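Taking it in order: structure first as structure tokens, then the write-up.
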Amino acid sequence: MADEFEEGEDGADWSLLEELPKRGEKETLNEESDVQETKLESSRAAMYRALASDRMHSAKNRVEADWMGELRKARVIAASGTHFLTMGYQNSSGIWLEPEEALYLIERGTLMCRANGVPLSLEGAYAAMIGACSIEKFQVYSNLKRNGYIVRRPRIGLGAAGLETGGWRSIARGLARMLDNAWVVIRNVVRWIRVMKGWVTKQICGRESSAVSGGTQTTKGVYRRLAAVRVDSGERRPDTEAQIDYEVWRPQEGFRKGSPGDADFYIRVLNAEAEIPTLEEFDACMMKHDEPLGRRIKDIRRGIKSVIVAVVAEGVISYMRVAETRMPSVY
């Protein structure tokens, strides 16, 4: 948001320094000549000088906080600026920041944080806070904030300092998720009964049968017999308690943390090297849309319920929407 970038908080004016080397396709191959080596060394020196410049805190907008490792939160001592219109939460103990919020403000040069009375450098803040928030989640949070979005953790349950973060909408979502989870359990029980019935029939009749009457072979059994390499499916138990990681709103005036309304996007953060979630896990973290499903293409893409998955691969973030939808009737 434009109002978050105040005077004195944008860091150094790079236009006053030497021009940084541009990245892109190489115009020439490595010649291993003295002239080319001199140009490369000059470019590297300009980059190092730019990165080594001091980032100063503005005394006008100075923000101080104490990192509370046991709570995995940062308690704000002196709050200033417009950041707290969309960041942190407040209770009787004061203003609190989530680890990704505190780290984001430290990177901006807006927040000076202490741990046990000792000021934290940027490296020290990473070491202290990344354990409370994975590096992938922080990268997604930082990317969305720098693009102007309002990003907050989901308002379900209790905060670490005892502040209730959910209202009646959160309660309704929680009940809806409980019903969805109950349906998943019932569906798994029915599937288990069918598998057991097929196994018993196979033991009695000497061949695999499906759970329906007539003793026809199952599609799964046919494909298993056709497989060139027999492997164990290794099915793991899905985590049906999976939750979204962030609620995201488009930039807006008059945003209220106490009653922000429904989020525009719901984000689930994944590490590209981790195991891909199952369909049940995706279903558990999808959020239903209040608007009815229309006939427009964008309504069909949005679906009945959806979640945006942010896949982080070595710092590169890819956003994709996973949605459950249905084609509207044309009659």
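The values are calculated or read from the model by the stated rules, or taken from the named source; none is laboratory data. This structure is a prediction, so every number in the text was calculated from the model and none was measured. Here the Cβ is made from the backbone with ideal geometry for all residues, glycine too, and neighbour counts use every protein chain on show.
Kindly provide the set of residues from the stretch 135-149 that are under 14 Å from ALA313 (Cβ atoms) and not aliphatic (A, V, I, L, M), ordered by number. Residues satisfying the conditions are GLU136, GLN139, ASN143.
Name the residues in the stretch 67-85 that are in contact with a Lys or Arg (Cβ under 7 Å, 6 or more places away or on another chain), surrounded by 14 or more Cβ atoms within 10 Å (Cβ to Cβ) and at pLDDT below 85, would you? Of everything in the stretch 67-85, just one residue is in contact with a Lys or Arg (Cβ under 7 Å, 6 or more places away or on another chain), surrounded by 14 or more Cβ atoms within 10 Å (Cβ to Cβ) and at pLDDT below 85, namely SER80. Is the stretch 14-26 home to any residue that is modelled with pLDDT of 65 or more and part of a loop (DSSP other than H, G, I, E, B)? So far as the stretch 14-26 goes, no, none of its residues is modelled with pLDDT of 65 or more and part of a loop (DSSP other than H, G, I, E, B). Screening GLU64, GLU101 for residues that are at pLDDT 90 or above and in contact with a His (Cβ under 9 Å, 6 or more places away or on another chain) leaves exactly one candidate, GLU101.
The sole residue among GLY124, GLY109, GLY88 that is without any contact (Cβ under 8 Å) to a residue 12 or more places away in the chain, within 29 Å of VAL316 (Cα to Cα) and surrounded by 14 or more Cβ atoms within 10 Å (Cβ to Cβ) is GLY124.
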